[in-house]
């Protein structure tokens, strides 16, 4: 009897929720959002008709109980049958209308990979306090990141990569205490990385490459215990590598290539057995390469090329468990190339343009 009552209640709730259309104000907001965009090939907005935006509107999802719009998920690269049938990725022009901010219960806003959506990020987006995912990557969005982006305390993913966004990274970004994934890569950002970047305690990926960022890497980054991937390559960063980075236990990918950084490489960075991809190429690093490798060293990529390293190639490299790609070219190294399994598959290009290296695969000593 109790189980029958339970299932009857569930059925009643499903009927009620199915009959709960989205509020007219939210439907109007979506239609105004649609009016500012043009998608000529797939016809995804043809589904945005009828009085209930919770029913069959492509990319729109609602709370089943209240009818409030919770998700707007429009991605130009999709496995959706609509895309596969036409055999093409999406293309969309227009701008993101501030009307989207009238969806006050929004948890997901994705308008990504459409190639030509332009204009600025509406400042009011920072008032969507329930937002957990904001992905506007792969477009032509310009202007600045909203100053108050740090107000989005529920945000776990912020992806604005592959756009034309300029200005500085807002200081308020460090207030995104739940943020796990940050992608600001391939934009036109200037200024420095916020000095207290380490406040982003939940962050696992920070992708800031291909911008015009200056200054040094903040020491506070080392306090992000969950950070596994840090990519600040192809910027204008200077200064030395904080010694503290080499002591991070989870960090496995560090890309600093294509900057103007100087100084020695911390020995802890090369002896860290969790480090798998380390690219320090095209900087001004100098000194000797620390002789701290061992049986626990497992590098898929170790690129130290185009720097000012001098001295010998560390003999301990021979003890490495694995060395997938090693590039020591364009430095001032000298002496005999060590012998061992990590070196057997490497060609001359890995050691070229040094002062006086010799031994296999270069000429004999």
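The values are calculated or read from the model by the stated rules, or taken from the named source; none is laboratory data. Model, not experiment: these values are computed from the prediction. Every residue, glycine among them, receives a Cβ derived from its backbone with ideal geometry; neighbour counts consider all protein chains shown.
Taking into account only those residues within the range 74-87 that are in a loop (DSSP other than H, G, I, E, B) and free of Cβ contacts under 8 Å to residues at least 40 places away in the same chain, which is farthest from residue 132 (Cα to Cα)?
Only one residue fits best here, namely 87.
Any idea which of (1) in a helix (DSSP H, G or I); (2) on the phi > 0 side of the Ramachandran plot is the one residue 239 doesn't satisfy?
Failed condition: (1).
Identify, from the list 365, 334, the residue that is surrounded by fewer than 16 Cβ atoms within 10 Å (Cβ to Cβ), at pLDDT 95 or above and farther than 21 Å from residue 257 by Cβ.
None of the other options fit; the residue is 334.
Across the range 234-245, what is the number of residues that are under 18 Å from residue 264 (Cα atoms), surrounded by 17 or more Cβ atoms within 10 Å (Cβ to Cβ) and out of contact with any helix residue (DSSP H, G or I) (no Cβ under 7 Å at 6 or more places or on another chain)?
Counting residues in the range 234-245 that are under 18 Å from residue 264 (Cα atoms), surrounded by 17 or more Cβ atoms within 10 Å (Cβ to Cβ) and out of contact with any helix residue (DSSP H, G or I) (no Cβ under 7 Å at 6 or more places or on another chain) gives 1.
Exactly one condition in (1) within 30 Å of residue 285 (Cα to Cα); (2) surrounded by 16 or more Cβ atoms within 10 Å (Cβ to Cβ) is not met by residue 215; state its number.
The one condition residue 215 does not meet is (2).
Yes or no, residue by residue, for (1) more than 37 Å from the chain's Cα centre (by Cα); (2) farther than 24 Å from residue 132 by Cβ; (3) at pLDDT 95 or above:
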position	(1), (2), (3)
5	yes, yes, no
9	yes, yes, no
30	no, no, yes
33	no, no, yes
38	no, yes, yes
57	no, no, yes
61	no, no, yes
69	no, no, yes
72	no, no, yes
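Mind listing whichever residues of the range 93-124 are assigned to a loop (DSSP other than H, G, I, E, B), closer than 18 Å to residue 35 by Cα and within 24 Å of the chain's Cα centre (by Cα)?
Those that are assigned to a loop (DSSP other than H, G, I, E, B), closer than 18 Å to residue 35 by Cα and within 24 Å of the chain's Cα centre (by Cα): 96, 114, 119, 121, 122.
Would you pick out the residues in the range 310-358 that are touching a helix residue (DSSP H, G or I) at 6+ places or on another chain (Cβ under 9 Å) and at positive phi?
Across the range 310-358, the qualifying residue is only 340.
Looking at (1) surrounded by 20 or more Cβ atoms within 10 Å (Cβ to Cβ); (2) under 23 Å from residue 141 (Cβ atoms); (3) out of contact with any helix residue (DSSP H, G or I) (no Cβ under 7 Å at 6 or more places or on another chain), can you tell me which one residue 38 breaks?
Among (1) surrounded by 20 or more Cβ atoms within 10 Å (Cβ to Cβ); (2) under 23 Å from residue 141 (Cβ atoms); (3) out of contact with any helix residue (DSSP H, G or I) (no Cβ under 7 Å at 6 or more places or on another chain), the lone unmet condition for residue 38 is (1).
Just checking, how many residues over the range 21-59 are within 17 Å of residue 78 (Cα to Cα) and part of a loop (DSSP other than H, G, I, E, B)?
8
Being in contact with a helix residue (DSSP H, G or I) (Cβ under 6 Å, 6 or more places away or on another chain) and modelled with pLDDT of 95 or more narrows it down to one of 172, 209, so name that one.
On inspection, the qualifying residue turns out to be 172.
Looking at the range 88-100 only, could you name the residues that are within 30 Å of residue 66 (Cα to Cα) and in contact (Cβ under 8 Å) with a residue 40 or more places away in the chain?
95, 96, 97, 99, 100 - these are the residues of the range 88-100 that are within 30 Å of residue 66 (Cα to Cα) and in contact (Cβ under 8 Å) with a residue 40 or more places away in the chain.
With a cut-off of at least 2 residues that are more than 19 Å from residue 331 (Cα to Cα) and either touching a residue at least 40 places away in the same chain (Cβ under 8 Å) or touching a strand residue (DSSP E or B) at 6+ places or on another chain (Cβ under 6 Å) (or both), name the strands (runs of 3 or more DSSP E) lying wholly within the range 243-310.
253-255, 298-303
Does the range 342-350 contain at least one residue that is in a loop (DSSP other than H, G, I, E, B), free of Cβ contacts under 8 Å to residues at least 24 places away in the same chain and surrounded by 15 or more Cβ atoms within 10 Å (Cβ to Cβ)?
yes
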